[in-house]
1. Nearest 0.05, what FRET efficiency do K195 and T223 give at R0 = 35 Å with Cβ-Cβ as r?
2. Calculate, in nm to one decimal, what R35 and F106 gain on full extension: separation in residues at 0.36 nm each, minus their alpha carbon distance.
3. From Cα pairs below 8 angstrom and at least 6 apart in sequence, can you work out the relative contact order of region 4-252, rounded to a whole percent?
4. Between rounded, prolate and oblate, where does region 90-137 land on the alpha carbon gyration tensor, with a ≥ b ≥ c its root eigenvalues, rounded for a/c under 1.5, else prolate if a/b exceeds b/c?
5. Around S156, with a cut-off of 9 angstrom between Cβ atoms, what is the net charge of the other residues, counting Lys and Arg +1 and Asp and Glu -1?
6. Once you list every other residue whose beta carbon is under 13 Å from the beta carbon of T47, what net charge do they have if Lys and Arg are +1 and Asp and Glu are -1?
Amino acid sequence: MQPIKERAISGVLWSATGNFSSLGIEFIVGFVLARLLSPVEFGLIGTITVVIVLSEVFINSGFIQAIIRKQNCTQKDYSTVFFFNFFIGVLFFLILLLTAGPIGTFFKNPALKPLIQVLGVGLIISSLTLIHQAKLIKQIDFKVQTKISIIASTLSGITAITLAITGFGVWSLVIKTLTSKTLTSIMLGYWNKWKPELVFSISSLKELFGFGSKLLLSGLIGTFLNNINYLIIAKYFTPQDLGYFTRAEMFKNMPSQNVSAVVTAVGYPVLATLQDDPIRMKKVFRNMLLNTFFVIAILMAGLAAIAK
């Protein structure tokens, strides 16, 4: 096995390649779709995204971070979390299936109901991929994830553009999301040969949830605060207004989110391997923060310069 420093550098390079390649693809696809679809249709998806993202926080429940942090995970740990995630995914799909109507009524837009119900299927698909992703991250293997990300972004983008051209409207955005999730799930299963065993351990669940529960709470609070503006606009303004806001936020957050995603994805498993050496871990963490700050500052300055 490579030394941790070499694995970290390789992880950063592959993760950065994947994130910024997908960013470029999403930018092009988004630009084309913005020409084909109206702000109203983007606004509808913006409203639903808040509901879906909050549901996905529950599905993860902090277990993925707990798996990555635990140094000697067993097949029993992986299988237990896999089946628990799948159960929560199905549960929240059913919840959305039943509450889609009231959600549409709350936002005074009945068109949201079928969109929420169909997008809810993505929760089940996502629940099937979490352990595969966790195992790859734990190994600091981002080469496979980069390939999957680029392929899924490209094919789902082509699908969405084709559907938008043929008049599917907002459904082209819905199918884009589901296509990306489905392709990601299939390719993770193909490249990562892990399969769950028919075992479920309450002791493993309690141990991992002891750490994951704290991340679940912080994730819910962070996700809600980061998306509360979408909820307010969706409730008191028009879908068109939310569509404009959604597009502006996407472009504004692209630099910082992608740099942060690279650092977080690679940094967490690296720090997890150093948890028995707190002095070295603190040093590595400080360097990560400093380097991230400088990169984001440069990117945001460049974005401000070309904003007009």
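Nothing in this text is a laboratory measurement; each read-out follows from the coordinates by a stated rule. Note that the structure is predicted; figures quoted are calculated from it, not measured. A quick note on method: Cβ atoms are made from the backbone with ideal geometry, for glycine too, and the neighbour counts reach across all protein chains shown.
1. 0.70
2. My answer for the length gained is 22.6 nm.
3. 38
4. In terms of gyration-tensor shape, prolate.
5. Value of the local net charge: +2.
6. +1
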